[in-house]
Structure formats: C-alpha cells, structure tokens
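See structure below.
Just so it is clear, none of the values below were taken in a lab; they were calculated from the coordinates. Note that this is a predicted model, so its numbers are computed, not measured. Heads up, the Cβs are rebuilt from the backbone with ideal geometry, glycines too, and the neighbour counts pull from every protein chain shown.
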Amino acid sequence: MFGHVPSRFGPVAAKQERVAEEWAALRLIRHEDYRRAEELHEGHPGAIAHELGVVLSIVEAYRAVLLRIQVEGESPDVVYVRPRLGAGGWTERLEARESA
C-alpha cells in the first residue's frame, strides 16, 4: 500500500510496521464500535480486541492514532483521530461522552 521496501535496519522496519498497523486499524475499527467496546470493557485492550474481532496489536495501533485532550474548565474531553499539525489537522474530531 505504501510502497515500503523491506529493511534490515530495525527502526525503519518498526516504523513501516507501525504505519501498516495504524492503516489497518483505521479500516477495521469504526470509532462508534471502539467507543462502545472501551466503555463495556473499562478500557481493557484484550477484551476490546475480542469484542471487535481484531488482534490486540490492531487495538493498540488504533489507540496510538487517538489524541485525547481535556481543556481545563471545559467538558467534555475531545478526541482527535489522526492528529497532525495545522488548523483542522485531524481525520476526525469527536467529543468524548461522560461515563455513567
């Protein structure tokens, strides 16, 4: 997908694997399903993976592309999916729901 050339240099190979896992995670997991599974299983990554029908590394990769921000004095938290620099630099911006 990304045209990566296999590398024997560890950091390059690790970066390529991370990019591939994050790409797969964003295609295999719908945010609504992840949010429901995270609430249901109180954040336990193995249980979330089982609930979503994916391997643990996919859940970990999905979590890696999320950036949760709590602005002091404001509620609720905001979750940015795939944040990057610049105004409007994210794939998706979601307001986290309050836990009961």
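Spin-label pair residue 7-residue 81: with each label point 7 Å from Cα along the Cα-Cβ axis, the two points sit 2.8 nm from one another. Subtracting the Cα-Cα distance of residue 60 and residue 30 from their residue separation scaled by 0.36 nm leaves 9.4 nm. Taking other C-beta atoms within 10 Å as the exposure proxy, 32, 22, 17 rank 32, 17, 22 from fewest upward. Projecting the Cα atoms of 10, 45, 28 onto the charge dipole of segment 7-64 (Cβ charges, centred on the Cα centre) puts 10 farthest toward the positive pole.
Were the residues from residue 91 through residue 23 laid out at 0.36 nm apart, the gain over their Cα-Cα distance would be 23.2 nm.
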